[in-house]
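The values are calculated or read from the model by the stated rules, or taken from the named source; none is laboratory data. Worth saying up front: this structure is predicted, and the values here are computed from it rather than measured. Don't worry about glycine lacking a Cβ; one is built from the backbone with ideal geometry, like all the others, and counts go over all protein chains shown. Only protein heavy atoms, including side chains, enter the accessible area calculation; ligands, DNA and RNA are left aside. Shrake-Rupley method; radii C 1.70, N 1.55, O 1.52, S 1.80 Å.
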Amino acid sequence: MRALRRQVHGEDTDAWIDRQFEGVQDDRDDGGAGEEAPHWQSTPVSVWGRKQWLRERLQGADGLFVMTDFDGTVADIVDDPDAAEIRDRAKEALETLADHPRAAVAVVSGRAVEDVRERAGVEDAYCAGNHGLELHDGNERSVHSAAHQVQEVLPRVCDAVERVFAGDDGVIVEDKGVTATVHYRQADVDREAVQEAVEAALDDHDGYDALRITEGKQIVELRPDVDWGKGSTVELLRERFTPDDEQWLTVYLGDDTTDEAAFEVLGSDGVAVAVGSDTDATAAPYVVSGPREVVDLLNWFAGEGLANLDEAVREDAVVEPN
(Lines give C-alpha, C1' and ligand atoms only; values in the text may rest on other atoms or scores of the structure.)
Protein backbone atom coordinates (compact mmCIF):
# COMPACT_ATOMS: atom_id res chain seq x y z
CA MET A 1 0.00 0.00 0.00
CA ARG A 2 2.83 2.41 0.80
CA ALA A 3 4.47 1.76 -2.59
CA LEU A 4 1.12 2.23 -4.32
CA ARG A 5 0.49 5.45 -2.41
CA ARG A 6 3.88 6.82 -3.45
CA GLN A 7 3.09 6.01 -7.09
CA VAL A 8 -0.29 7.76 -6.95
CA HIS A 9 1.11 10.83 -5.21
CA GLY A 10 4.07 11.03 -7.56
CA GLU A 11 2.01 10.82 -10.76
CA ASP A 12 0.12 14.07 -10.21
CA THR A 13 -0.44 17.03 -12.52
CA ASP A 14 2.93 18.51 -11.62
CA ALA A 15 4.70 15.35 -12.76
CA TRP A 16 2.68 15.38 -15.99
CA ILE A 17 3.65 19.00 -16.70
CA ASP A 18 7.32 18.25 -15.98
CA ARG A 19 7.25 15.45 -18.53
CA GLN A 20 5.81 17.75 -21.20
CA PHE A 21 8.81 20.04 -20.87
CA GLU A 22 11.44 17.31 -20.90
CA GLY A 23 13.65 17.74 -23.93
CA VAL A 24 12.00 20.98 -25.01
CA GLN A 25 14.51 23.38 -26.60
CA ASP A 26 14.24 26.95 -27.77
CA ASP A 27 14.10 27.40 -31.53
CA ARG A 28 17.59 28.22 -32.75
CA ASP A 29 19.11 29.31 -35.98
CA ASP A 30 21.74 27.19 -37.66
CA GLY A 31 24.54 28.95 -35.79
CA GLY A 32 23.36 27.62 -32.45
CA ALA A 33 22.30 24.17 -33.53
CA GLY A 34 25.12 22.44 -31.71
CA GLU A 35 24.69 24.21 -28.36
CA GLU A 36 23.20 22.52 -25.33
CA ALA A 37 19.76 23.84 -24.44
CA PRO A 38 19.40 25.47 -21.02
CA HIS A 39 17.55 23.63 -18.29
CA TRP A 40 13.96 24.85 -18.24
CA GLN A 41 13.07 26.48 -14.93
CA SER A 42 9.91 28.36 -14.05
CA THR A 43 9.81 31.22 -11.58
CA PRO A 44 9.72 29.76 -8.05
CA VAL A 45 6.41 29.94 -6.23
CA SER A 46 5.58 30.33 -2.56
CA VAL A 47 5.82 27.02 -0.74
CA TRP A 48 2.71 27.95 1.25
CA GLY A 49 0.57 27.37 -1.85
CA ARG A 50 1.78 23.77 -1.95
CA LYS A 51 0.80 22.58 1.52
CA GLN A 52 -1.67 20.00 0.27
CA TRP A 53 1.01 18.59 -2.02
CA LEU A 54 3.42 18.49 0.93
CA ARG A 55 0.84 16.64 3.02
CA GLU A 56 0.46 14.02 0.30
CA ARG A 57 4.22 13.65 -0.13
CA LEU A 58 4.63 13.12 3.61
CA GLN A 59 1.79 10.61 3.74
CA GLY A 60 3.55 8.60 1.05
CA ALA A 61 7.02 8.82 2.62
CA ASP A 62 8.81 6.52 5.03
CA GLY A 63 10.59 9.40 6.74
CA LEU A 64 11.48 13.09 6.60
CA PHE A 65 14.98 14.58 6.32
CA VAL A 66 15.11 18.35 6.81
CA MET A 67 18.35 20.06 5.79
CA THR A 68 19.00 23.76 6.19
CA ASP A 69 21.67 26.36 5.64
CA PHE A 70 22.50 28.49 8.68
CA ASP A 71 23.22 32.16 7.92
CA GLY A 72 20.32 33.87 6.18
CA THR A 73 18.08 30.85 6.71
CA VAL A 74 17.64 29.88 10.38
CA ALA A 75 19.76 32.86 11.46
CA ASP A 76 19.43 36.42 10.23
CA ILE A 77 22.20 37.94 8.13
CA VAL A 78 24.21 40.30 10.34
CA ASP A 79 27.14 42.62 9.64
CA ASP A 80 29.45 40.76 12.03
CA PRO A 81 29.49 37.00 11.26
CA ASP A 82 30.47 36.30 14.89
CA ALA A 83 27.18 37.83 16.04
CA ALA A 84 24.92 35.43 14.12
CA GLU A 85 22.45 33.46 16.26
CA ILE A 86 19.85 30.85 15.39
CA ARG A 87 16.26 31.99 15.83
CA ASP A 88 14.75 30.46 18.95
CA ARG A 89 11.67 29.02 17.26
CA ALA A 90 13.80 27.59 14.46
CA LYS A 91 15.92 25.75 17.01
CA GLU A 92 12.82 24.44 18.79
CA ALA A 93 11.34 23.15 15.53
CA LEU A 94 14.59 21.48 14.49
CA GLU A 95 14.87 19.82 17.91
CA THR A 96 11.32 18.48 17.58
CA LEU A 97 12.10 17.07 14.14
CA ALA A 98 15.41 15.56 15.27
CA ASP A 99 13.69 13.83 18.20
CA HIS A 100 11.17 12.07 15.95
CA PRO A 101 12.07 8.43 15.21
CA ARG A 102 11.30 8.80 11.50
CA ALA A 103 12.81 12.23 10.92
CA ALA A 104 16.33 13.63 10.74
CA VAL A 105 17.89 17.09 10.67
CA ALA A 106 21.11 18.39 9.13
CA VAL A 107 22.61 21.88 9.16
CA VAL A 108 24.75 22.45 6.06
CA SER A 109 26.86 25.59 6.27
CA GLY A 110 29.90 27.36 4.94
CA ARG A 111 31.05 27.86 8.53
CA ALA A 112 33.52 25.54 10.20
CA VAL A 113 31.67 22.49 11.47
CA GLU A 114 32.39 23.09 15.18
CA ASP A 115 31.26 26.69 14.78
CA VAL A 116 27.94 25.78 13.19
CA ARG A 117 27.35 22.95 15.71
CA GLU A 118 27.75 25.39 18.58
CA ARG A 119 25.59 28.09 17.00
CA ALA A 120 22.80 25.74 15.93
CA GLY A 121 22.77 23.91 19.27
CA VAL A 122 20.50 21.10 18.03
CA GLU A 123 21.82 18.08 19.88
CA ASP A 124 20.72 15.30 17.54
CA ALA A 125 21.33 17.14 14.25
CA TYR A 126 24.00 16.20 11.76
CA CYS A 127 26.24 19.13 10.87
CA ALA A 128 28.22 19.72 7.69
CA GLY A 129 30.72 22.57 7.74
CA ASN A 130 32.84 24.27 5.10
CA HIS A 131 30.22 23.42 2.45
CA GLY A 132 30.42 19.74 3.33
CA LEU A 133 34.20 19.34 3.51
CA GLU A 134 33.70 18.66 7.23
CA LEU A 135 31.00 16.42 8.67
CA HIS A 136 30.00 15.77 12.28
CA ASP A 137 27.58 12.90 12.83
CA GLY A 138 27.04 13.63 16.52
CA ASN A 139 29.89 11.43 17.63
CA GLU A 140 32.92 12.36 15.59
CA ARG A 141 34.20 14.80 12.99
CA SER A 142 35.42 13.66 9.59
CA VAL A 143 37.22 15.77 6.99
CA HIS A 144 37.42 15.45 3.21
CA SER A 145 40.85 14.26 2.05
CA ALA A 146 41.30 17.47 0.03
CA ALA A 147 41.53 19.47 3.25
CA HIS A 148 45.06 18.23 3.88
CA GLN A 149 46.24 19.76 0.61
CA VAL A 150 45.48 23.32 1.74
CA GLN A 151 46.73 23.30 5.33
CA GLU A 152 50.01 25.00 4.45
CA VAL A 153 49.03 27.44 1.71
CA LEU A 154 45.66 28.65 3.06
CA PRO A 155 47.04 30.52 6.12
CA ARG A 156 49.64 32.25 3.96
CA VAL A 157 47.03 33.43 1.46
CA CYS A 158 44.77 34.66 4.28
CA ASP A 159 47.64 36.62 5.84
CA ALA A 160 48.43 38.24 2.49
CA VAL A 161 44.80 39.34 1.99
CA GLU A 162 44.66 40.72 5.54
CA ARG A 163 47.74 42.86 4.86
CA VAL A 164 46.10 44.36 1.77
CA PHE A 165 43.08 45.49 3.78
CA ALA A 166 44.88 46.25 7.03
CA GLY A 167 43.46 49.78 7.07
CA ASP A 168 39.84 48.74 6.47
CA ASP A 169 38.14 47.25 9.52
CA GLY A 170 35.16 46.32 7.36
CA VAL A 171 37.04 43.55 5.57
CA ILE A 172 37.11 40.38 7.66
CA VAL A 173 39.30 37.45 6.62
CA GLU A 174 38.03 34.26 8.24
CA ASP A 175 40.38 31.28 8.10
CA LYS A 176 38.25 28.21 8.78
CA GLY A 177 41.03 25.67 8.52
CA VAL A 178 39.63 23.93 5.45
CA THR A 179 38.30 26.99 3.62
CA ALA A 180 38.49 30.75 4.07
CA THR A 181 35.97 33.55 3.64
CA VAL A 182 36.63 37.23 2.99
CA HIS A 183 33.65 39.25 4.23
CA TYR A 184 33.22 42.77 2.86
CA ARG A 185 29.62 43.55 3.85
CA GLN A 186 30.76 46.39 6.13
CA ALA A 187 33.66 47.58 3.96
CA ASP A 188 34.13 50.52 1.62
CA VAL A 189 35.44 48.23 -1.12
CA ASP A 190 33.58 46.32 -3.82
CA ARG A 191 33.74 42.70 -4.91
CA GLU A 192 36.21 43.40 -7.71
CA ALA A 193 38.77 44.88 -5.30
CA VAL A 194 38.44 41.95 -2.91
CA GLN A 195 38.69 39.38 -5.68
CA GLU A 196 41.78 41.09 -7.14
CA ALA A 197 43.48 40.95 -3.72
CA VAL A 198 42.63 37.27 -3.33
CA GLU A 199 43.85 36.43 -6.83
CA ALA A 200 47.11 38.30 -6.22
CA ALA A 201 47.64 36.39 -2.96
CA LEU A 202 47.07 33.09 -4.74
CA ASP A 203 49.60 34.07 -7.42
CA ASP A 204 52.21 35.10 -4.87
CA HIS A 205 51.92 31.89 -2.84
CA ASP A 206 51.32 29.35 -5.64
CA GLY A 207 47.86 28.78 -4.25
CA TYR A 208 46.12 27.98 -7.53
CA ASP A 209 47.37 24.38 -7.39
CA ALA A 210 45.29 23.70 -4.29
CA LEU A 211 42.62 26.42 -4.02
CA ARG A 212 39.85 27.94 -6.08
CA ILE A 213 37.75 31.08 -5.68
CA THR A 214 33.98 31.07 -5.28
CA GLU A 215 31.52 33.86 -4.51
CA GLY A 216 28.56 34.32 -2.22
CA LYS A 217 26.51 37.21 -0.88
CA GLN A 218 29.09 39.93 -0.17
CA ILE A 219 31.80 37.34 0.39
CA VAL A 220 34.66 35.85 -1.60
CA GLU A 221 35.63 32.31 -0.63
CA LEU A 222 38.67 30.12 -0.99
CA ARG A 223 38.10 26.36 -1.12
CA PRO A 224 40.11 23.26 -1.97
CA ASP A 225 40.07 22.76 -5.72
CA VAL A 226 37.89 19.65 -5.65
CA ASP A 227 34.48 18.89 -7.07
CA TRP A 228 32.66 18.92 -3.75
CA GLY A 229 29.98 21.22 -2.36
CA LYS A 230 26.55 21.27 -0.82
CA GLY A 231 25.07 19.12 -3.58
CA SER A 232 27.55 16.33 -2.94
CA THR A 233 26.94 16.78 0.78
CA VAL A 234 23.19 16.33 0.43
CA GLU A 235 23.75 13.10 -1.50
CA LEU A 236 26.18 11.85 1.16
CA LEU A 237 23.82 12.69 4.04
CA ARG A 238 20.90 10.90 2.40
CA GLU A 239 23.01 7.87 1.56
CA ARG A 240 24.58 7.58 5.00
CA PHE A 241 21.73 8.50 7.34
CA THR A 242 18.52 7.15 5.76
CA PRO A 243 17.59 3.43 5.53
CA ASP A 244 18.44 1.78 2.21
CA ASP A 245 15.03 0.14 1.84
CA GLU A 246 12.94 3.25 2.61
CA GLN A 247 11.90 6.37 0.73
CA TRP A 248 12.47 9.49 2.82
CA LEU A 249 11.33 12.93 1.71
CA THR A 250 14.24 15.40 1.77
CA VAL A 251 13.63 19.11 2.30
CA TYR A 252 16.44 21.63 1.80
CA LEU A 253 16.29 25.33 2.66
CA GLY A 254 19.00 27.86 1.77
CA ASP A 255 19.54 31.47 0.78
CA ASP A 256 22.94 31.61 -0.92
CA THR A 257 24.43 30.78 -4.30
CA THR A 258 26.26 27.86 -2.67
CA ASP A 259 22.88 26.25 -1.94
CA GLU A 260 22.02 26.00 -5.64
CA ALA A 261 23.98 22.76 -5.98
CA ALA A 262 21.81 21.24 -3.25
CA PHE A 263 18.64 22.40 -5.00
CA GLU A 264 19.77 20.83 -8.27
CA VAL A 265 20.62 17.50 -6.60
CA LEU A 266 17.16 17.23 -5.06
CA GLY A 267 15.28 17.78 -8.30
CA SER A 268 11.74 16.43 -8.16
CA ASP A 269 12.68 13.81 -5.54
CA GLY A 270 12.76 16.38 -2.72
CA VAL A 271 11.52 19.81 -1.74
CA ALA A 272 13.98 22.62 -2.49
CA VAL A 273 13.11 25.98 -0.94
CA ALA A 274 15.07 29.16 -1.72
CA VAL A 275 15.08 31.83 0.98
CA GLY A 276 14.91 35.56 0.23
CA SER A 277 13.61 37.96 -2.38
CA ASP A 278 16.39 37.56 -4.99
CA THR A 279 15.33 34.14 -6.24
CA ASP A 280 14.53 34.62 -9.93
CA ALA A 281 17.55 32.61 -11.08
CA THR A 282 17.31 29.82 -8.51
CA ALA A 283 17.01 26.11 -9.29
CA ALA A 284 14.59 25.75 -6.36
CA PRO A 285 10.93 25.53 -7.38
CA TYR A 286 9.70 26.96 -4.07
CA VAL A 287 10.52 30.07 -2.07
CA VAL A 288 9.97 31.76 1.28
CA SER A 289 10.66 35.44 1.89
CA GLY A 290 13.27 35.20 4.66
CA PRO A 291 14.28 33.65 8.00
CA ARG A 292 10.94 34.55 9.58
CA GLU A 293 9.08 32.40 7.06
CA VAL A 294 11.72 29.70 7.41
CA VAL A 295 10.79 29.52 11.10
CA ASP A 296 7.11 29.20 10.20
CA LEU A 297 7.83 26.47 7.65
CA LEU A 298 10.01 24.48 10.04
CA ASN A 299 7.29 24.66 12.66
CA TRP A 300 4.76 23.46 10.09
CA PHE A 301 6.94 20.42 9.38
CA ALA A 302 7.46 19.84 13.12
CA GLY A 303 3.72 19.93 13.71
CA GLU A 304 1.38 19.13 10.84
CA GLY A 305 4.17 17.63 8.75
CA LEU A 306 5.08 14.99 11.31
CA ALA A 307 1.39 14.32 11.89
CA ASN A 308 1.00 13.49 8.20
CA LEU A 309 4.08 11.30 8.33
CA ASP A 310 2.65 9.41 11.31
CA GLU A 311 -0.72 9.07 9.59
CA ALA A 312 0.87 6.91 6.91
CA VAL A 313 2.21 4.57 9.60
CA ARG A 314 -1.23 4.24 11.17
CA GLU A 315 -2.79 3.45 7.80
CA ASP A 316 -0.15 0.78 7.10
CA ALA A 317 -0.58 -0.88 10.48
CA VAL A 318 -2.29 -4.28 10.42
CA VAL A 319 -4.21 -5.32 13.50
CA GLU A 320 -4.23 -9.09 13.97
CA PRO A 321 -7.60 -10.51 15.07
CA ASN A 322 -7.74 -12.16 18.49
Practice prompt. Would you mind working out the magnitude of the charge dipole of segment 107-150 relative to its Cα centre, with +1 at each Lys and Arg C-beta and -1 at each Asp and Glu C-beta, to the nearest 20 Debye?
Written response: 180 debye
Worksheet entry | Farthest positive-ward along segment 203-322 dipole, Cα basis, beta-carbon charges - from G270, V251, W300 | W300
Item to complete: Note down the magnitude of the dipole of segment 54-170 about its Cα centre, charges +1 on Lys and Arg C-beta and -1 on Asp and Glu C-beta and zero elsewhere, to the nearest 20 debye.
Response: 520 debye
Worksheet entry | Other-chain or far-sequence residues with amide H under 5 Å of G216's (modelled H) | E221
Item to complete: Mind putting a number on the dipole of segment 181-297 about its Cα centre? Charges go on the C-beta only, +1 for Lys and Arg and -1 for Asp and Glu, and I need it in Debye to the nearest 20.
Response: 440 debye
Worksheet item: Along its principal axes, what span do the Cα atoms of segment 160-248 show, with the longest given first and each in whole Å?
Response: 57, 29, 20
Worksheet entry | Charge sum, other residues only, whose C-beta stays under 13 Å from E134's C-beta, Lys/Arg counted +1 and Asp/Glu -1 | +2
Item to complete: Roll a 1.4 angstrom probe over the protein heavy atoms and tell me the percent of accessible area of segment 82-232 that is carbon or sulfur.
Response: 39 percent
